[in-house]
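To keep things clear, I will list the structure first and then write my remarks on it.
The values are calculated or read from the model by the stated rules, or taken from the named source; none is laboratory data. Being a predicted model, the structure only gives us computed values, none of them experimental. Backbone-built Cβ (ideal geometry, glycine too); neighbour counts: all protein chains shown. When the accessible area is computed, the model is the full protein with side chains, heavy atoms only, and any ligands, DNA or RNA have been set aside. Shrake-Rupley method; radii C 1.70, N 1.55, O 1.52, S 1.80 Å.
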Amino acid sequence: RARQVVLAGFGGETYRVRQQELFQPFTKLSGARVVEAAWDYGKFVSMVNAPNPEWDMIDFDGYSAAALIHQGKAPGRLADWVRRCDLVDAKYRDYAGGSYAYSVVLGWSTELDGTPSSWADFFDLRKFPGKRAFPKSIYAGTVEIALLADGVPKDKLYPLDFDRAFAKLDTIKSSLVFYDSYAQGQQYMAQGSTSMIATANSRVIQLKNEGRKVDWTYQDGILYPWGAFGLTRNAPNADAANALVDYLSTPDA
């Protein structure tokens, strides 16, 4: 019955493509258009149980979805008729529709003297000076990145050694610049405020395609096996929001 779904998303290249390839076909099928809101995790947390939330749903990562569930602030339960997506771990499928996989990758300014090739280079302030852009409110494989940079082999990462990771992070603490959104991280790199960045692959690809003086690598990229679409519990357009999750969980989508 609802004629729209209000989705808090990340915008950018990913969402331009998503509008064309997913949201517009969904609207054609359902009659409900997808209205994008600016992404804000804290705002979603404040409205997830609100009686009259502004949003129907948010696009976020599996870590955030799991954390909310374990904290007793679970997103709205999906309707029984919504197909459960096997991209999502089984114990979270009632609360999260699979969105997409992506990698957190290393990006750098091509004005640096030399070419970084690993997370160890991200931590090497002497060889590659400058500030490092890092996400503020998204878990970007931070502990894994630090341990890889400290020489831990990939097949020995788990269980995670948090003390070792935090000690490694302390070595560049004063050089970290935290961004609130992926777009802000792009801005830091584009204007030269930072010389390296840990960010979603699509964001640094976009910068490079725009002719910015950046490059990047998938080497040691941190793969997110699932993102998530979480609903507010009292979503004003709940039927259309559930329908969107159902559509996005089809094999074709």
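Worth pointing out:
- Apportionment of accessible area to carbon and sulfur, the chain, percent (1.4 Å): 49
- Kirkwood-type hydrodynamic radius, segment 50-112: 14.0 Å, calculated from all non-identical alpha-carbon pairs.
- D (Stokes-Einstein, µm²/s), Kirkwood Cα radius, segment 45-195, 0.890 mPa s at 25 °C: 137
- C-alpha center-to-center spacing [segment 187-219, segment 1-56] in angstrom: 26
- In segment 111-253, Cα pairs under 8 Å separated by at least six residues give a relative contact order of 26 percent.
- Taking Cα centre as origin and charging only the Cβ of basic (Lys, Arg, +1) and acidic (Asp, Glu, -1) residues, the dipole magnitude of segment 1-66 rounds to 360 debye.
- Hypothetical label at Ala50: residues of segment 231-253 whose amide nitrogen lies under 20 Å (7 Å Cα-Cβ projection): 231-242
- Local electrostatic count, Ser137, Cβ distance below 10 Å [Lys/Arg +1, Asp/Glu -1]: -1
- Residue among Ala50, Ala90, Ala198 with the largest mean-square fluctuation in a Gaussian network model of the chain, springs linking Cα atoms under 10 Å: Ala90
- The chain gives an Rg/Rh value of 1.00, both radii derived from C-alpha positions and Rh following Kirkwood.
- Taking the charge dipole of the chain about its Cα centre, with +1 at Lys and Arg Cβ atoms and -1 at Asp and Glu Cβ atoms, the residue from Val152, Leu169, Gly114 reaching farthest to the positive side is Leu169.
- Accessible area per residue for the chain is 49 Å², calculated with a 1.4 Å probe on protein heavy atoms, without ligands, DNA or RNA.
- Estimated FRET transfer efficiency when R0 is 30 angstrom, pair Asp215-Val35 (beta carbons, to 0.05): 0.25
- The heavy atoms of Asp180 present about 90 square angstrom of accessible area, all protein chains included, probe 1.4 Å.
- Working ranking of peptides 97-105, 79-87, 115-123 by packing, defined as the average number of other Cβ atoms within 10 Å per residue, highest first, is 97-105, 115-123, 79-87.
- Dipole moment magnitude, nearest 20 debye, the chain about Cα centre, only Lys, Arg, Asp, Glu C-beta charged: 340
- Low-density loop positions, trypsin sites (Lys or Arg not before Pro), segment 126-193 - DSSP coil, at most 11 other Cβ in 10 Å: Arg126
- Annotation: segment 12-86 has a Kirkwood hydrodynamic radius of 14.3 angstrom, from the mean reciprocal C-alpha pair distance.
- Ile205 contributes an accessible area of around 50 Å² to the protein surface, as traced by a 1.4 Å probe with all chains present.
- Choice from Val214, Val88, Val17 showing the highest fluctuation, given a GNM over the chain with Cα pairs closer than 10 Å: Val17
- With loop membership from DSSP and a limit of 14 other Cβ atoms within 10 Å, the longest segment of the chain without GluC sites (Glu not before Pro) is 112-209.
- In the chain, the DSSP beta bridges split such that about 60 percent are antiparallel, to the nearest 5.
- Against the rule of thumb 2.2 N^0.38 Å, how large the Cα Rg of segment 118-205 comes out: 1.07
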